[in-house]
């Protein structure tokens, strides 16, 4: 084993976590939480969109995959895969397909996480058994959940190594072209990308504030009554965050309404049902 | 902040990780990976299905939600929520709906993770704006991804506190009844449950072996040619695991073919498309 110091993990047991909670929630921060170094690292997460060109340490991909495979998987079915893209021309091709986002070209490593039922289909063929269970919406949900659990473990692992990353949902803008670029067999659906590298210290990322806990945490039953107040508070918290960054942004409410307002704003993802079917998932 | 020692996190930098890799991959373990305490904790994950009745520390729910909210979320839309169920009668009701699994009754805390577009719908109504973007399959994928990223961060946090957990996909067997039990508004879809508690030391859980990396990790493009050999190896590794547990189990291949073979084996989840629509998602 190669020993590596945990660059991102200090002892965040005390004031470190208090300050991270303030960054994460602003005026709506919870009074008290439990803390240790791992929780400190999780609270300290930020999406990194600016990378230095440094190469990554040896065996980093095997390390992230070992972390990813150690996550839970529905019924141990393991219906996910990942494609590691490092070739600059190939990365540039995927960047163009995924909203033409330049950080994908910059990052030395781009992982594309897949909901993968093709392994199960191949097993069925080898054993001459029908696998009808792959034909329903449930099988896509299984694959999306498995791929996402795996990816998030990889993110926790890479941040512990001092690396940074950002998820790229825009991989779903043009899934057929992505499938062609990665030579995916049928029954494989690209869920999202993950651009990975060392964060550029000249352009540091910030902890992004989130909704007050009252908006997302419910006790025993769902309570919608606290939502309007929580959203109003959050609009204020996020406005303060953008001001601190000297950036002009619409309010969170306006962002959500514009991002999910009209079908066109989905940049092709309004066709996802048809596209998933074209990728081989009947989605009965 | 309350300081808590990291019960599950030792210095797994050296031989600890080597031994965990052997448990995770058996004969197919990768030669070398990077390691530190966080990676050691991730590799050490095991699903816990036996809990002691001890109560949980104060503020543990707020802690797990802070970790969960610190995960990435698609375009900062935060289209997820979680319901914390602690009432024994309510937990028993959900256990009955989710495959009648007794560990849900045993665990002091059961979290139900939700793909939640209702917040966006309510915002649209308040602003008298249509939110057509919520009507497509993409919006369910957004919600499932967001809920899963959040949940996995909560799992990493709870394991750092010495707690254990197991995901409960069977929450999707009867989603309409679950929605009724949790009083979910339309546009909210229960993705999975998570049973949480202190692991019972009398019935310790094991690290479950996974497929060789050759099965899930692809370089530049998808390579299906290595799958048959990887699956053959894995069938052998998992057989050895079950023998070590003095348990009789079918091979992994047989497990997969039976679990996804016929629609009936999905225990109602073959109706998920219709059920998600009944929960308010048009899934155009």
- Antiparallel DSSP beta bridges within the protein assembly as shown, percent to nearest 5: 80 percent
- Message: Within the stretch B:258-284, list the residues whose amide N lies under 18 Å from a label point set 7 Å along Cα→Cβ of residue B:125.
- Response: B:278-282
- Query: Among A:49, A:271, A:105, which one shows the biggest mean-square fluctuation in a GNM of chain A, springs joining Cα atoms closer than 10 Å?
  - Reply: A:271
- Which order do A:207, A:156 fall in if you start with the one that has the fewest other Cβ atoms within 10 Å? A:207, A:156
- Item | Listed residues A:87, A:76, A:153, most fluctuating in chain A (Gaussian network, C-alpha, under 10 Å) | A:76
- At 7 Å along the Cα-to-beta-carbon direction for both residue B:58 and residue B:32, put a label point, then send me their distance in nm to one decimal. 4.9 nm
- Message: For chain A, what does the helix formula give at 222 nm: sum of -39500 (n - 2.57) over DSSP H segments with n ≥ 4, over the residue count, nearest 500 deg cm²/dmol?
- Response: -12500 deg cm²/dmol
- Rg and Dmax of the protein assembly as shown, Cα atoms, in Å? 21.8, 63
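Once you average over the residues of B:220-230, how many Cβ atoms of partner chains fall within 10 Å of each Cβ?
If you average over the peptide's residues, the count of other-chain Cβ atoms is 5.
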- Equivalent-ellipsoid semi-axes of the stretch B:205-252, from the Cα gyration tensor, Å, largest first: 25, 11, 6
- Label distances, nm, residue A:96 versus same residue in remaining copies, Cβ-directed 7 Å point: 5.9
- Query: What average count of beta carbons from other chains do you get within 10 Å of the Cβ of residues in A:187-194?
  - Reply: 2
- chain A pair-distance distribution - Cα-Cα, 5 Å bins, rounded %: 1, 5, 10, 13, 15, 17, 16, 12, 7, 3, 1, 0, 0
- What percent do you get for the relative contact order of the stretch B:218-284 when only Cα pairs under 8 Å and 6+ apart count? 16 percent
- So what are the stretch A:1-151's ellipsoid semi-axes, whole angstrom, largest first, if each one is the square root of 5 times an eigenvalue of the alpha-carbon gyration tensor? 34, 23, 17
- Query: If contacts are Cα pairs under 8 angstrom and at least 6 residues apart, what is the relative contact order of chain B in percent?
  - Reply: 25 percent
- Message: Classify the stretch B:161-235 from the C-alpha gyration tensor, please: rounded if a/c falls under 1.5, else prolate or oblate depending on whether a/b exceeds b/c.
- Response: oblate
- Based on the Cα coordinates of the stretch A:103-159, what is the per residue volume of their convex hull in Å³? 111 Å³
- Task: In whole Å, largest first, what are the principal axis extents of the Cα atoms in the stretch B:143-284?
- Result: 46, 40, 34
- Give me the log10 of I(q) over I(0) for the stretch B:69-213 at q = 0.12, 0.14, 0.21 Å⁻¹, as the Debye formula computes it from C-alpha points; what are the numbers? -0.54, -0.72, -1.31
- Rounded to a whole number, the mean other protein chain Cβ count within 10 angstrom for residues of A:113-119 is 3
- Item | Segment residue B:206-residue B:277, extension gain: residue separation times 0.36 nm, minus the distance between their alpha carbons | 21.7 nm
- Message: Residues of the stretch A:16-46 with the amide nitrogen closer than 12 Å to a label point 7 Å from the Cα of residue A:255, along Cα-to-Cβ, please.
- Response: none
- Kirkwood Rh, Cα Rg: Rg to Rh for the stretch B:25-114? 1.05
- Normalised by the number of residues in the stretch B:178-241, what is the relative contact order in percent for Cα pairs under 8 Å and 6+ residues apart? 29 percent
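Computed from the coordinates by the stated procedures, all read-outs in this text should not be read as laboratory data. This structure is a prediction, so every number in the text was calculated from the model and none was measured. No Cβ is skipped: glycine too gets one built from the backbone with ideal geometry, and neighbour counts run over all protein chains shown.
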